[in-house]
Amino acid sequence: MKTLQRTFTIIKPDAVRKNAIGDIIEQFEKNGFHILCLKMLEISKHQAEQFYAVHAGKSFFDSLTGFMSSGPIVVLALEKENAIADLRKLMGATNPAQAEEGTIRKKWATNIEHNAIHGSDGDDTARFELSYFFAGYELAQ
Ligand code: CMP
């Protein structure tokens, strides 16, 4: 029996500025992800700090949260078997210099901070991140 899993992703401001939204969403669908919900929005620096709280205190925290609040982003709830690991594979390494050919970051990321896309790195993170951006009724299906 198939066990569907949910994950959360953000198309970051750099990718939105490059007009990469359509290409990235096409990659999700071509790779078997079902889009449960999506929205385009802007977040404040404070909201970015809450979202990335696990990185508070790191050298790149201020710059990362400034960047994530610098323009529109697209947030999506995705579903498929093995969604969390499969999305991370499709995204490629955090640092695009190490990203494999055919990954989203290889194609669209500029550097380790402006790296086009975020994806949840585990079950607990996915739960937190989905609930940070989506209300229960938006994911009820
Ligand atoms: P993301 O998957 O959104 O999760 C945390 C983000 O922090 C990561 O992608 C990178 O954009 C950023 N990040 C991680 N390490 C560094 C670093 N050494 N310098 C700058 N940004 C980083």
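The values are calculated or read from the model by the stated rules, or taken from the named source; none is laboratory data. These figures come from a predicted structure and were not determined experimentally. Here the Cβ is made from the backbone with ideal geometry for all residues, glycine too, and neighbour counts use every protein chain on show. Just so you know, the surface numbers come from the protein's heavy atoms only, side chains and all, with ligands and any DNA or RNA stripped out. Shrake-Rupley method; radii C 1.70, N 1.55, O 1.52, S 1.80 Å.
Using +1 on the beta carbon of Lys and Arg, -1 on that of Asp and Glu, and nothing else charged, what's the dipole of the chain about the Cα centre, debye to 20?
Computed charge dipole of the chain: roughly 160 debye.
Once Lys and Arg get +1 and Asp and Glu get -1 on their Cβ, which of 68, 115, 8 lies farthest toward the positive end of the dipole of the chain?
115
If DNA, RNA and ligands are ignored and the probe is 1.4 Å, what is the ranking of 69, 120, 44 by accessible area, most exposed first?
44, 69, 120
Going through the range 101-141, which GluC sites (Glu not before Pro) have at most 14 other Cβ atoms within 10 Å and a DSSP loop state?
For GluC sites (Glu not before Pro) across the range 101-141 that sit outside H, G, I, E and B with at most 14 neighbouring Cβ atoms in 10 Å, the list reads 101.
In whole angstrom, how far apart do the alpha carbon centroids of the range 1-29 and the range 69-141 sit?
Computed from Cα coordinates, the inter-centre distance equals 7 Å.
Looking at 24, 35, 136, which one has the Cα that reaches farthest to the positive end of the dipole of the chain (charges on Cβ: Lys, Arg +1; Asp, Glu -1)?
Result: 24.
Kirkwood Rh over Cα pairs of the chain into Stokes-Einstein at 25 °C, 0.890 mPa s: D in µm²/s?
Using the Kirkwood radius from Cα pairs, D works out to 162 µm²/s.
Give me the accessible area of residue 100, 1.4 Å probe, in Å² rounded to the nearest 10.
Accessible area, nearest 10 Å²: 140 Å².
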